[in-house]
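Asker: Sending over a structure as structure tokens; questions will come in a sec.
Read the figures in this text as sums done on the coordinates, not as results from a lab. Because the structure is predicted, anything quoted here is derived from the model rather than measured. Glycine also receives a Cβ, built like all others from the backbone with ideal geometry; neighbour counts cover every protein chain displayed.
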Amino acid sequence: MISTSRRAQVAAALAAAGPAGVSGEAIAADLGVSRVAVSKHVAALRALGYKIAAAPRAGYRLESAPDACIPEEVGPRLRDPLWIACEGAAEVTSTNDDAKRLARARAPEGVSVVAARQTAGRGRLGRVWESPAGGAYVSCVLRPAIAPAEAAPLSLVVAAGVARGLRAAGVDAGIKWPNDLMLDDRKLGGILLEMSAEADRVEWVVVGCGINVGAAPGPDGAFVREAVSGARVAEIAAAVLDGIAAGYREFLQDGFGPARVEVLARDTLAGRPVTVRDAAGVIVAEGVAAGVSDSGELLLDGAGGQFRVAAGEVTLRC
Ligand code: ATP
């Protein structure tokens, strides 16, 4: 059973009771807390957007739950046994920052952090990841027993897992090397991996993923409801986390091979002329994209034949 906050447990008890409702006493007895504590949690849930009716004898009845990426809504939807806890809040600075704090404090593998909104969401190289309410922002702590060099393809493993999770939710996303989820050449989501390692072993990896669900923040962004009009944000967040878990497990068992197949099938760059730049914006390679290598590098066809690019930012050359 996934570990959740008391507030999430009260939300789950209300959801389980359905239209019949449940008394505050019954919830208090079930959770081993006081009746006053239950009413405080109900007040906090209302502040989060839960509509909860209260009647003197019938007790509490959940009328509706908010459509948001909050632990109360995402936690109960997680299916993969990797997930042991779902933390987070309606608003955080960055789910990756919270997950890193947990990782440094020795949180075990399988702890996730979710938020409905980030005030300082980040992409690669400290770039801003716009994170307005209505998106799915998730991070998690992984502790793979591998050497740092073996972690190179992890970003694509996660991208493939996220794509698979989105597919399960009805969204066919493309993958743009090395860390973007795409719809029609517009960015649907991004992935940010942060890692702590010693010379010979990875200590932790924090995986973050932001997906636009209800709307995209700018004209270059895509969002899930373009593809699935009724998609619920918490369903998308849970599908993304479960997709990451499945891809991660497969990577530990079978290496990068299965994820590579998924990446190649969803590759939005294949066959197109691209430019690769480094962090300073200097062009490091140009060629026609030809998939990814068996260790996750971008393959480019150039005048002198095929070559590999390990890192960089890719733009299409028109
Ligand atoms: P590239 O723009 O080439 O994909 P990148 O992969 O290094 O660069 P990321 O770190 O994935 O970039 O994401 C940051 C960039 O994504 C920002 O600079 C901005 O252009 C764009 N962006 C930021 N927030 C969003 C969002 N919510 N949806 C779509 N695009 C976004």
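Asker: Determine, for 95, 119, the number of other Cβ atoms within 10 Å of each Cβ, and report the residues in order from fewest to most. Mind showing how you got there, number by number?
Answerer: Working: 95 30, 119 10.
Ordered by Cβ neighbours within 10 Å, fewest first: 119, 95.
Asker: Given the peptides 70-80, 244-254, arrange them by the average over their residues of other C-beta atoms within 10 Å, most packed first. Walk me through the numbers on the way to the answer.
Answerer: On the way: 70-80: 23.3, 244-254: 18.6.
The most tightly packed comes first, giving 70-80, 244-254.
Asker: Report the percentage of all Cα-Cα pairs in the range 116-167 whose separation exceeds 18 Å, rounded to a whole percent. Before the final figure, lay out the partial values.
Answerer: Working: 667 of 1326 pairs.
Taking all Cα-Cα pairs of the range 116-167, the fraction more than 18 Å apart is 50 percent.
Asker: Where does helix 257-266 land angle-wise versus the long Cα axis of the chain, in degrees 0 to 90, nearest 10?
Answerer: The answer is roughly 90 degrees.
Asker: Would you mind calculating the relative contact order of the chain from Cα pairs under 8 angstrom and at least 6 residues apart, reporting the percent as a whole number?
Answerer: Numbers: 704 pairs, mean separation 44.7, N = 318.
Computed value for the chain: 14 percent relative contact order.
Asker: Follow-up question, since we're still on this one. When the Karplus curve 6.51 cos²θ - 1.76 cosθ + 1.60 is applied with θ = phi - 60°, which whole-Hz ³J(HN,Hα) does each residue of the range 117-124 get, with x for Gly and Pro?
Answerer: Coupling constants for the range 117-124: 7, 10, 8, 9, x, 10, x, 5 Hz.
Asker: If you don't mind, there's one more thing I want to ask. Check which residues have an amide H placed less than 5 Å from residue 87's amide H, if you skip close sequence neighbours.
Answerer: Close amide H contacts, sequence-distant or interchain: 112, 113, 114.
Asker: Oh, and also: Given only helices, namely DSSP H runs of n ≥ 4 each adding -39500 (n - 2.57), what is the per-residue ellipticity at 222 nm of the chain, to the nearest 500 deg cm²/dmol?
Answerer: On the way: 8 runs with 94 residues, N = 318.
After summing the helix terms and dividing by the residues of the chain, the value is -9000 deg cm²/dmol.
Asker: Starting from the coordinates of the alpha-carbon atoms of the range 89-135, obtain the Kirkwood hydrodynamic radius over all distinct pairs and give the value in Å to one decimal. All intermediate terms of the calculation are to be shown ahead of the outcome.
Answerer: Values: mean 1/r = 0.0895 Å⁻¹.
Every distinct Cα pair counted, the radius reaches 11.2 Å.
Asker: Something else about it: Residue-wise, which Karplus ³J(HN,Hα) couplings in Hz belong to the range 19-34, taking 6.51 cos²θ - 1.76 cosθ + 1.60, θ = phi - 60°, and x for glycine or proline?
Answerer: Once θ is set to phi - 60°, the couplings for the range 19-34 become x, 5, x, 8, 7, x, 4, 5, 5, 4, 5, 4, 8, x, 10, 7 Hz.
Asker: Please list, or write none, the aspartates and glutamates whose alpha carbon is within less than 17 Å of the alpha carbon of residue 51, excluding same-chain residues fewer than 8 places away.
Answerer: Cα-Cα hits under 17 Å: 63, 67, 72, 73.
Asker: Direction-averaged shadow area of the convex hull around the Cα atoms of the range 218-277, nm²? Intermediate results must be reported in sequence, preceding the final value.
Answerer: Values: hull surface 26.0 nm².
Projected over every direction and averaged, the Cα hull of the range 218-277 covers 6.5 nm².
Asker: What list of ³J(HN,Hα) values in whole Hz, one per residue of the range 213-220 in order, does the Karplus curve 6.51 cos²θ - 1.76 cosθ + 1.60 (θ = phi - 60°) give from phi, with Gly and Pro shown as x?
Answerer: Whole-Hz 3J(HN,Hα) from phi for the range 213-220: 10, x, 6, 9, x, x, x, 8.
Asker: Angle between the Cα long axis of helix 6-17 and the longest principal axis of the chain, 0 to 90 degrees, nearest 10?
Answerer: 70
Asker: Another question about this same structure. Figure the gain on full extension for residue 93 and residue 55 (residue separation times 0.36 nm, minus the Cα-Cα span) and round it to one decimal in nm.
Answerer: Difference between extended and current length: 9.9 nm.
Asker: Another question about this same structure. How big, on average over all directions, is the shadow cast by the Cα convex hull of the chain, in nm²? Kindly include the intermediate steps, with their values, before the conclusion.
Answerer: Details: hull surface 69.2 nm².
Hull-based average projected area comes out at 17.3 nm².
Asker: Give the cross-link partners of residue 176 among the lysines, using a straight C-alpha distance below 24 Å as the criterion and excluding same-chain residues fewer than 8 apart.
Answerer: Partners found: 187.
Asker: Would you mind ranking 180, 220 so that the residue whose beta carbon has the fewest other beta carbons within 10 Å leads the list?
Answerer: On the way: 180 20, 220 9.
The order, fewest Cβ neighbours first, is 220, 180.
Asker: May I pose another question? Considering amide H positions built from the backbone, and no H for Pro or chain starts, which residues 5 or more places from residue 52, or on another chain, come under 5 Å of its amide H?
Answerer: Long-range HN contacts for residue 52: 63.
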